[in-house]
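Trainee: Let me give you the structure first, and then I'll get to my questions.
The values are calculated or read from the model by the stated rules, or taken from the named source; none is laboratory data. Bear in mind the structure is a predicted one, so any value in this text is a computation, not a measurement. A quick note on method: Cβ atoms are made from the backbone with ideal geometry, for glycine too, and the neighbour counts reach across all protein chains shown. Note: areas computed on protein heavy atoms with side chains; ligands, DNA, RNA excluded. Shrake-Rupley method; radii C 1.70, N 1.55, O 1.52, S 1.80 Å.
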Amino acid sequence: MEYGLFSEEHQIYRKTVRDFVAREVTPHIEQWNAAGDTPRALWKRMGELGFLGAYLPERYGGYQADFLAGVVLTEELVYSKCGGLSLDVNVSNDISVPYLLHCGSEEQKEKYLPRCASGDCIVALCMTEPNTGSDLAAIRSTAMRQGDHYIVNAQKTFITNGGHADLYIVAVKTDVSAQPPYRGVSLVLVEKGTPGFSIGRKLKKMGNHASSTAELSFEEVRIPVGNLMGKEGKGFLYMMQNLQQERLIGAVMALAYCRLMLEETLEYVKTRTAFGTSIGSFQANRHRLVDMATEVSFAEVYVYHLCKLFNEGARNLEAEISMAKYRVGELANRIAYDCVQLHGGYGYMEEYWICRAYQDVRMLTIAAGTSEIMKEIIGRSLGL
Amino acid sequence: MRREIFREEHEIFRDAFRKFVEKNVVPRQEEWTKAGIVSRDIWEKAGREGYLCPWVAEPYGGFGADFLYSTVIMEELTRVGESGFALSLHSDVVVPYLEAFGTEEQKQRWLPKCVSGDMITAVAMTEPNAGSDLQALRATAVRDGDSYVINGQKTFITNGMINDLVIVACLTDPKAQPRYSGMSLLCVEAGTPGYNKVRKLEKIGMHSQDTAELFFEDCRVPKENLLGMKEGQGFIQMMVKLQQERLVVAIGAVASMWAVLGWTKKYCEERVAFGKPIIKFQNTRFKLVEMYTMAEVMQTFLDRLIVEHMKGSDVVTEVSMAKWMATEELKKTVDQCLQFFGGYGYMVEYPIAKAYTDVRVHTIFAGTTEIMKEIIGRRLGM
């Protein structure tokens with residue numbers, strides 16, 4: 001049963017991305033994993049091919065592609081098997097750049113968006129701090145107004161694209177005494193190279209090795225007031241608004257992982273033999289795979305249905321998207337566990353993608369809002 | 001999430017049927033449970049008001065309604081926890097055999113009565129030694145002149161006592177190889193000599209539903225009672241019709257999840273422990289959220305599946321998936337919800353206790369979870 005989400009144009013676009021991946025990504029994955037980064041030339045190439053900022057209006061370098069084109073890109077980058085690349089591109093292109101589009105001033109849009117679309121400007125979104133993750137209103141970073149400038153003092157961590165971004169969207173407090181505290185949160189833009197800004201340790205992660213994830217330090221960083229996004233004190237609201245898309249993209253990623261893990265494992269159990277027969281013909285294995293296939297089919301219809309509604313402009317889907325984000329993220333982890341098991345010893349070897357996937361998917365239930373936070377949100381919407 | 005499959009006329013129908021249920025079903029549930037069977041008059045009343053087989057074409061007494069009307073009926077009966085009045089089994093499982101495979105003469109003979117409530121139906125496949133493995137059934141129907149003579153035993157038959165017409169799976173050619181090619185469906189009317197409704201079975205749940213053992217001893221029916229008037233079609237006919245039967249079970253299971261969650265949420269809001277309503281405990285809230293999420297995901301899948309089923313697409317894999325997973329999840333949901341009710345959950349006067357015993361059979365009937373997984377596994381190439 002096909003959900004029928006994509007048009008013929010989307011399928012053509014999918015093929016373009018897939019061809020690009022085969023030619024320009026697959027041969028280099030090991031090298032990028034070892035380097036913990038992806039080359040800028042790759043980003044420029046993606047810009048050239050129209051993968052970046054595709055959804056932007058033409059005057060900013062895009063061609064107003066719909067949300068579903070973003071879904072295609074997200075899926076195909078997961079299928080590239082370079083988890084780090086998929087993460088970095090999605091976080092910049094589908095999660096961070098939309099902040100500029102939705103909350104940025106005209107001047108900010110003109111300055112940055114065309115460069116985002118060309119691959120010249122990678123964007124990082126900096127919320128998390130060493131002592132503040134889920135509880136965003138408790139951040140300690142500040143941006144204090146001083147004449148025509150803000151002075152930013154901040155410590156941020158686990159920042160995707162942290163090591164190689166050109167522009168950092170930073171969540172700060174512009175009013176530390178605001179009550180409730182979230183009303184003091186604002187978003188400011190800091191460009192790479194601004195004095196006082198430094199990239200700290202590049203963090204070693206369990207998976208997604210090619211992703212450039214870093215700690216950042218902002219010490220007395222002076223930025224013009226024009227670098228404020230939108231209005232002071234509205235940062236929390238902007239994040240809440242944009243998190244819907246971020247989480248839906250998270251669910252799309254999780255679903256793509258589920259499908260590929262299942263597909264590869266199905267193939268493996270049909271070819272691997274033991275005790276004189278393919279291991280897929282053992283009933284316990286067969287039923288275990290059926291369990292997974294069933295869950296994935298349910299997840300697919302649910303996530304695609306949300307994508308359809310989101311693409312049509314629905315924005316009152318906070319609870320439903322939270323459901324998808326947590327449930328499919330958790331599912332990807334269960335499936336990874338079972339698929340490694342079915343691969344036996346090979347599943348424990350990094351040369352097998354399933355082993356990488358096992359490590360890559362672990363962040364899906366943590367990043368962009370933990371499963372626990374999702375459940376709090378859903379609970380509230382149910383009146384619990 | 002708002003459901004998108006229903007149109008305004010379905011909602012109007014839902015309102016009307018809900019009122020019918022509130023007025024005619026709910027007040028009598030206790031009585032039927034005690035009696036171990038629903039009374040015949042509810043069938044007649046439902047028939048008179050157009051709630052039996054509304055999908056049947058007008059020439060046979062129905063109004064050609066689509067499958068969404070059947071969906072509404074199932075959901076509304078489930079909403080009030082009615083598990084004895086096997087209306088959906090009659091309307092959406094058994095009568096479709098008559099409509100799809102019956103000859104014109106057979107349809108004219110039986111369908112109008114099925115719609116009016118004068119004829120309650122059942123289908124008899126399972127035997128004491130043949131459940132999932134249908135090919136192992138042993139009942140025979142031997143041709144003798146213008147008749148078939150049926151011998152055999154059937155068990156776990158829903159509407160077993162109350163039925164006026166039962167469709168019986170038999171071997172018309174016991175020597176056929178493969179065995180299934182010798183299988184046929186025979187229609188037997190109540191009162192036919194040799195058709196004995198032997199024993200109403202005691203079950204752990206669904207107490208108001210009459211489930212019985214049937215015994216056929218030299219039961220002679222006219223050859224015109226062979227469904228479709230062609231021998232050897234029985235197995236294929238069952239395989240085709242089992243799809244809707246399983247879909248019906250899945251629809252009921254998800255509707256049941258919503259009902260159970262509704263009761264539980266309400267209880268958790270009212271029940272106070274350690275100085276606050278138990279819904280204020282994070283564990284309670286998270287567990288409810290997980291169950292609501294599951295119900296939401298299931299409903300979205302099912303609604304999509306219903307649309308595909310109505311289009312006539314091949315949805316064997318998806319129906320099998322929906323059947324096993326919805327029923328397994330329902331079982332887990334009811335168990336978890338009962339836990340929140342504490343001691344009250346163990347008392348039969350609470351609907352959650354009744355649901356606990358009612359739902360146990362869902363992963364068994366209409367194809368066990370294990371059989372569903374075998375079907376899906378085959379279709380995935382394993």
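Trainee: Would you work out which of B:LEU247, B:PRO222, B:LEU52 lies farthest towards the positive end of the dipole of chain B, given +1 charges on the beta-carbon of Lys and Arg and -1 on that of Asp and Glu, about the Cα centre?
Mentor: B:LEU247
Trainee: Hey, another quick one. So how strong a dipole does region B:189-291 carry about its Cα centre when Lys and Arg Cβ are +1 and Asp and Glu Cβ are -1, to the nearest 20 debye?
Mentor: So the magnitude is around 720 debye.
Trainee: Along region A:44-51, what does the Karplus equation 6.51 cos²θ - 1.76 cosθ + 1.60 (θ = phi - 60°) give for ³J(HN,Hα), rounded to whole Hz, x for Gly and Pro?
Mentor: After applying 6.51 cos²θ - 1.76 cosθ + 1.60, I find 4, 5, 5, x, 4, 7, x, 7 Hz.
Trainee: Ignoring ligands, DNA and RNA, what percent of the accessible area of region A:209-278 is carbon or sulfur (1.4 Å)?
Mentor: Working: 1390 of 2790 Å².
Within region A:209-278, the accessible surface is 50 percent carbon and sulfur.
Trainee: With axes computed from alpha carbons, what is the tilt in degrees of helix B:316-341 against the longest principal axis of chain B, rounded to the nearest 10 within 0 to 90?
Mentor: The helix B:316-341 is inclined about 40 degrees to chain B.
Trainee: So what is Rg over Rh here for region A:243-373, counting just Cα atoms and using Kirkwood for Rh?
Mentor: Using only Cα positions, Rg/Rh for region A:243-373 is 1.04.
Trainee: Pull up all non-local amide H partners of B:TYR148: gap of 5 or more, or a different chain, and H-to-H distance under 5 Å with H placed in the peptide plane.
Mentor: Placed amide hydrogens put B:VAL221, B:LYS223 under 5 Å from B:TYR148.
Trainee: How far, in nm, would the chain grow between B:THR103 and B:THR357 when pulled straight, counting 0.36 nm per residue and subtracting the alpha carbon separation? List each step's numbers first, then the result.
Mentor: Working: separation 254, 0.36 × 254 = 91.44 nm, distance 4.01 nm.
Length difference between fully extended and current span is 87.4 nm.
Trainee: Ok, one more. Looking at region B:135-188, which trypsin sites (Lys or Arg not before Pro) are in a loop (DSSP not H, G, I, E or B) and have at most 11 other Cβ atoms within 10 Å?
Mentor: Here the trypsin sites (Lys or Arg not before Pro) that fit, given the DSSP loop and packing criteria, are B:LYS175.
Trainee: If you project the alpha carbons of the protein assembly as shown onto the principal axes, what extent comes out on each, in Å, largest first?
Mentor: So the extents along the principal axes, rounded to whole Å, are 102, 62, 46.
Trainee: I would also like to ask the following. For the modelled label position 7 Å from the Cα of B:PHE63 along Cα-to-Cβ, which residues of region B:112-130 have backbone nitrogen atoms closer than 16 Å?
Mentor: B:115-117
Trainee: Obtain the radius of gyration and the Kirkwood radius of chain B from its C-alpha atoms and give Rg over Rh.
Mentor: Values: Rg = 21.2 Å, Rh = 21.7 Å.
In chain B, Rg relative to Rh is 0.98.
Trainee: Could you tell me the relative contact order of region B:159-315? Use alpha-carbon pairs under 8 Å, at least six residues apart, and round to a whole percent.
Mentor: Result for region B:159-315 is 18 percent.
Trainee: Expressed as an acute angle from 0 to 90° and rounded to the nearest 10, what is the orientation of the C-alpha long axis of helix A:283-311 relative to the principal long axis of chain A?
Mentor: Compared with the principal axis, the helix lies near 30 degrees.
Trainee: Where Lys and Arg each count +1 and Asp and Glu each count -1, what net charge lies around B:ARG48 among other residues with Cβ under 11 Å from its Cβ?
Mentor: Here the count lands on -3.
Trainee: Also, I was wondering about something else. Two-decimal Rg/Rh of region B:10-115 from alpha-carbon positions, Kirkwood Rh?
Mentor: 0.98
Trainee: Give me the net charge for the shell around B:MET229: Cβ to Cβ below 11 angstrom, other residues only, Lys and Arg +1, Asp and Glu -1.
Mentor: Result for the local shell: -2.
Trainee: Restricting to Cα pairs below 8 Å that are 6+ residues apart, what does the relative contact order work out to for region A:5-85? Please round to a whole percent.
Mentor: Numbers: 59 pairs, mean separation 30.1, N = 81.
In percent, rounded to a whole number, it is 37.
Trainee: OK, next. Treat each spin label as a single point 7 Å out from the Cα along the C-beta direction, and report the B:SER181 to A:ARG45 distance in nm.
Mentor: Inter-label distance under the simple model: 5.9 nm.
Trainee: Moving to a separate point now. Region A:88-180: percent of C-alpha pairs farther apart than 19 Å? Working shown, then result.
Mentor: Details: 2023 of 4278 pairs.
Roughly 47 percent, once rounded to a whole number.
Trainee: Amide H to amide H under 5 Å from B:ALA124: which residues, 5+ apart in sequence or cross-chain, H placed 1.01 Å off N in plane?
Mentor: Those lying under 5 Å, H to H, from B:ALA124 are B:ILE167, B:VAL168, B:ALA169.
Trainee: Let me ask another. List, largest first, the extents of the alpha carbons of region A:44-130 along their principal axes, each in whole Å.
Mentor: Cα extents, longest axis first: 37, 37, 22 Å.
Trainee: Give the interface area between chains B and A as buried accessible surface, both sides summed, probe 1.4 Å, in Å² to the nearest 100.
Mentor: 3500 Å²
Trainee: Now a separate question. Considering only protein heavy atoms, what is the solvent-accessible area of B:TRP258 at a probe of 1.4 Å, reported in Å² to the nearest 10?
Mentor: 80 Å²
Trainee: Calculate the dipole size of chain A relative to its Cα centre from +1 charges on Lys and Arg beta carbons and -1 charges on Asp and Glu beta carbons; express the result in debye to the nearest 20. Numbers along the way, then the final one.
Mentor: On the way: 40 positive and 45 negative charges, 104 e Å.
Magnitude of the dipole: close to 500 debye.
Trainee: How large is the dipole of chain B about the Cα centre if only Lys and Arg carry +1 and Asp and Glu carry -1, each at its Cβ, rounded to the nearest 20 debye?
Mentor: In debye, rounded to 20, chain B gives about 960.
Trainee: Something else about it: So for the pair B:GLU370, B:GLN282, with labels modelled 7 Å out along Cα→Cβ, what separation do we get in nm?
Mentor: The modelled label-to-label distance comes out at 4.1 nm.
Trainee: So, one more: Explain nothing, just the number: relative contact order of chain B, from Cα pairs under 8 Å at least 6 residues apart, as a whole percent.
Mentor: Normalised by residue count, the contact order of chain B is 15 percent.
Trainee: Still on this model: How far is it, in nm, from the label point at B:MET347 to the one at A:GLU24 when both lie 7 Å from their Cα along the line to the Cβ?
Mentor: For B:MET347 paired with A:GLU24, the spin-label model returns 7.0 nm.
Trainee: Continuing with this model, one more query. At a Förster distance of 56 Å, what's the computed FRET efficiency of B:ASN24 paired with A:SER278, Cβ-Cβ distance as r, to 0.05?
Mentor: Between B:ASN24 and A:SER278 the formula returns 0.50.
Trainee: Hey, another quick one. Using the heavy atoms of the protein chains and a 1.4 angstrom probe, tell me the accessible area per residue for region A:1-94 in square angstrom.
Mentor: Solvent-accessible surface per residue comes out at 42 Å².
Trainee: Calculated FRET efficiency, B:ASP15 and B:ASP144, Cβ-Cβ r, R0 41 Å, to nearest 0.05?
Mentor: With R0 = 41 Å, the Cβ-Cβ based efficiency is 0.20.
Trainee: Right, next: Of the accessible area of region A:1-89, with the probe set at 1.4 angstrom, what percent is carbon plus sulfur?
Mentor: 52 percent
Trainee: Roughly what angle does helix B:369-379 make with the longest principal axis of chain B, taking Cα atoms, 0 to 90 degrees, to the nearest 10?
Mentor: With both axes taken from Cα atoms, the answer is about 70 degrees.
Trainee: Exactly which chymotrypsin sites (Phe, Trp or Tyr not before Pro) in region A:312-384 are in a DSSP loop and have at most 11 other Cβ atoms within 10 Å?
Mentor: Counting only loop positions with at most 11 other Cβ atoms within 10 Å, none of the chymotrypsin sites (Phe, Trp or Tyr not before Pro) in region A:312-384 qualifies.
Trainee: Here is a further query. Could you check how many percent of all C-alpha pairs in region B:147-242 are farther apart than 21 Å?
Mentor: That tail contains 35 percent of the Cα-Cα pairs.
Trainee: Restricting attention to region B:3-93, which trypsin sites (Lys or Arg not before Pro) occupy a DSSP loop and are surrounded by at most 12 other Cβ atoms within 10 Å?
Mentor: B:ARG3, B:ARG7
Trainee: Right, next: At q = 0.20 Å⁻¹, work out log10 I(q)/I(0) for region B:222-324 with the Debye formula, treating every Cα as an identical point scatterer and leaving solvent out; two decimals please.
Mentor: -0.98
Trainee: Rounded to the nearest whole Å², what accessible area per residue is found for chain B with the 1.4 Å probe?
Mentor: On the way: 15830 Å² over 382 residues.
Dividing the accessible area of chain B by its residue count gives 41 Å².
Trainee: Next question, about the same structure. Given a Förster radius of 51 Å and the C-beta distance between B:ARG199 and A:ALA314 as r, what FRET efficiency does 1/(1 + (r/R0)^6) yield to the nearest 0.05?
Mentor: 0.40
Trainee: Rank B:VAL316, A:VAL269 by accessible area, highest first, at a 1.4 Å probe radius?
Mentor: B:VAL316, A:VAL269
Trainee: May I ask you to compute the full-extension gain from A:GLN64 to A:GLU2, defined as 0.36 nm times their residue separation minus their alpha-carbon distance, rounded to one decimal in nm?
Mentor: Here the segment from A:GLN64 to A:GLU2 would lengthen by 19.7 nm.
Trainee: Assuming 0.36 nm per residue, please report the length gained on full extension of the stretch B:ALA190 to B:LYS223 beyond their Cα-Cα distance.
Mentor: 10.2 nm
Trainee: At 1.4 Å probe size, put B:MET161, B:MET229 in order of accessible surface, largest to smallest.
Mentor: Numbers: B:MET161 60, B:MET229 85 Å².
Ranked list, largest accessible area first: B:MET229, B:MET161.
Trainee: Cα atoms only: what Rg and Dmax, in Å, come out for chain A?
Mentor: Both quantities, over Cα of chain A: 21.1, 79 Å.
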